Amino acid sequence: MFVQKIRLSGHIIDSFTLQKVMDTIIDQDGDYEIEELNVGKHNNDISTARIRIECENEKKLDKILDMVTDLGAQLIEEEEVELVASQKDSTVPDNFYSTTNYNTKIYYDNRWINIDNIEMDCVLVVDTENKTACCKPLNNVKKGEMIVVGHKGVKVSPPEKSRGKNTFEFMNSEASAEKPTRSIIHNVASQMKEIKDKGGKIVVVGGPAVIHTGCAQILADLIKEHYVDKLFAGNALATHDIENALYGTSLGVKTKTGELVAHGHKHHICAINTINKAGSIKNAVEQGILTSGVMYECVKNNAPYVLAGSIRDDGPLPDVITDSQVAQQRMREEIQDVDMVIMIATLLHSVATGNLIPARIKSVCVDISNASVTKLSDRGSAQVISIVTDIGSFLPILYEELHKLEE
C-alpha cells in the first residue's frame, strides 16, 4: 500500500470540504483514516483534520492527491516543488501541475512563494535565479523555463465560506429566475458601493443586448459616475453603442420607442464606417464626432476597454482586437487590479473572463438564459453568482439601487 498524510484547515465542516475530500478518496478507489479531527466550537474558530490516505498503487495515490489538494488539502511534510525544464516553446512536461483559480503557493528554496497572478488551466513557472514564481498559459511558456510538475510543494486554499452574515453569499445557489430580483440586485449594488468606498475597481463584461434593450445610457452613466472602471466587450456592443449615439438605433430599431427604421439595417455599418474614417473611437470623440454613449464615456473618463473580436464580426471597428490570443492577454493584464466583475448577457466573453480571474474576485453573471449563467460554474468558476433576469430590468434597477445607497 502507498500512503500519504494530509491536513485540512479552515471551516471544513460548514463548507463540506471534509466530506468532499473523503468522497474523493473513496471514489478514486483509495481508503482513508481520520487520525485527528478538531472541530471549532465558535463561529470564528477553524476546524482541522489529519487524514491518512492509502492506495494500492502510486499512480492512483497521485491522482487522489492531485484532486484533494485542489480542495485545499496540504501534504503534512513540506516538500519542495519538483521542477522540470520545458523542452520547447508552448510545451510542458506531461505531468505538469495544472492550476485552479484558487489562491496558490509553492514551497521552494525553504519558503512558501505566493502565486499572485493565479488563474485556472495554466502552469506554474519558477524563476530559479530570482526565486520567484508565476502562473502562465501554455502558449506563453518558453523553452528552458522551469515548470512545476506533480503535486509536491503546492498549497491550494479555496475561498472560505463565512459563518457570519455575508450579503454576497446568500445568492450563491442554483441559478433560477424564481428569486427576488430586486433584493438580489440591491445586494449587488451594496457590494459595488463597498468596493468603490475602499478604492477598488469594477469591470463590466457586456454583450450587445445592453444596447438593444435601451440600457446604453445607464451603462454610460455608471462609467461616468465611476461605478464601472473598465469594460470588456466585443465588436457588437461597441458598434451598436456608436450606432445608437449617431442614429438613435440599435440594429436599425429605435432604442427609445422600439420602432423599426426604414433602411436602419445599414446603420451599424455606417457607424463602423464613420469610426474608420476618424481612425479610432478615441479620435472620433476628440474630433467631436462621437458625443455620447458607452464608448464615449470610456474615452472621456480614461476607462480602459478591451474589445475582443470574433469570426462573425461586421467591420470590425478599428479598436477591435482580432487576434484572440492578443485580446486574451490584454484582458489578463487589465484584470489584475480588479475587485469585482459583472458579466452581462455575453456567454463567450463571460466564460473567457471567468477563466482568467482568480476566485478572490467577486463575480456576478446576469443573463435571461438559465443555461448561460450556469455555464460559468460548469467551467470551474465556482465563485460566480448567477442571476437569471432580463438585462433591460437589471441595469435600471442596479442604477436606482446605487443611488439609493448614496442617499
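The values are calculated or read from the model by the stated rules, or taken from the named source; none is laboratory data. The structure displayed is predicted, hence computed values, not measured ones. Methodologically, a virtual Cβ is constructed for each residue, glycine included, from the backbone with ideal geometry; neighbour enumeration extends over all protein chains shown. Protein only, heavy atoms only, side chains kept; ligands, DNA and RNA dropped before computing areas. Shrake-Rupley method; radii C 1.70, N 1.55, O 1.52, S 1.80 Å.
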At a probe size of 1.4 Å, how large is the accessible area of residue 389, to the nearest 10 Å²? 20 Å²
Per the C-alpha gyration tensor (a ≥ b ≥ c, the square roots of its eigenvalues), the stretch 294-342 is rounded if a/c is under 1.5, else prolate if a/b beats b/c, else oblate; here it's oblate
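Of all DSSP beta bridges in the chain, what percent run antiparallel (nearest 5)? Before the final figure, lay out each step's value.
Numbers: 41 of 63 bridges.
Counting only bridges with both partners in the chain, antiparallel ones make up about 65 percent.
Quick check: with the 1.4 Å probe, what order do 388, 261, 39 take by accessible area, largest first? Kindly include the intermediate steps, with their values, before the conclusion.
Values: 388 15, 261 40, 39 85 Å².
Greatest to least solvent exposure: 39, 261, 388.
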Between 342, 242, 311, find the one with the highest GNM mean-square fluctuation for the chain; connect C-alpha pairs within less than 10 Å. 311
Placing unit charges on C-beta atoms (Lys and Arg positive, Asp and Glu negative, everything else neutral), compute the dipole magnitude of the chain about its Cα centre in debye, rounded to 20. 920 debye
Over the C-alpha atoms of the chain, what are the Rg and the largest Cα-to-Cα span, Dmax, in Å? 24.0, 77
Relative contact order computed over the chain (Cα-Cα under 8 Å; 6+ residues apart), in percent: 15 percent
Considering only protein heavy atoms and a 1.4 Å probe, what is the carbon-and-sulfur percentage of the accessible area of the chain? 47 percent
For the stretch 101-151, take every pair of Cα atoms, bin their distances at 5 Å starting from 0, and report each bin as a whole percent. 5, 20, 34, 27, 13, 2
In straight Cα distance, which lysines are under 18 Å from residue 404, not counting same-chain residues fewer than 8 positions off? 193, 196, 224
Residues whose built amide H sits under 5 Å from the amide H of residue 362, excluding neighbours closer than 5 in sequence, are 341
What does the stretch 64-166 give for Rg and for Dmax, in Å, if only its C-alpha atoms count? 13.9, 50
Over the chain, with neighbouring protein chains present, the accessible area per residue in Å² at probe 1.4 Å is 48 Å²
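Just want to confirm a number: the relative contact order over the stretch 1-101, from Cα pairs under 8 angstrom separated by 6+ residues, in percent. Intermediate results must be reported in sequence, preceding the final value.
Details: 134 pairs, mean separation 34.4, N = 101.
Relative contact order comes out at 34 percent.
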Using the Cα atoms of the stretch 228-338, I'd like the radius of gyration and the largest Cα-Cα distance, Dmax, both in angstrom. 14.0, 45
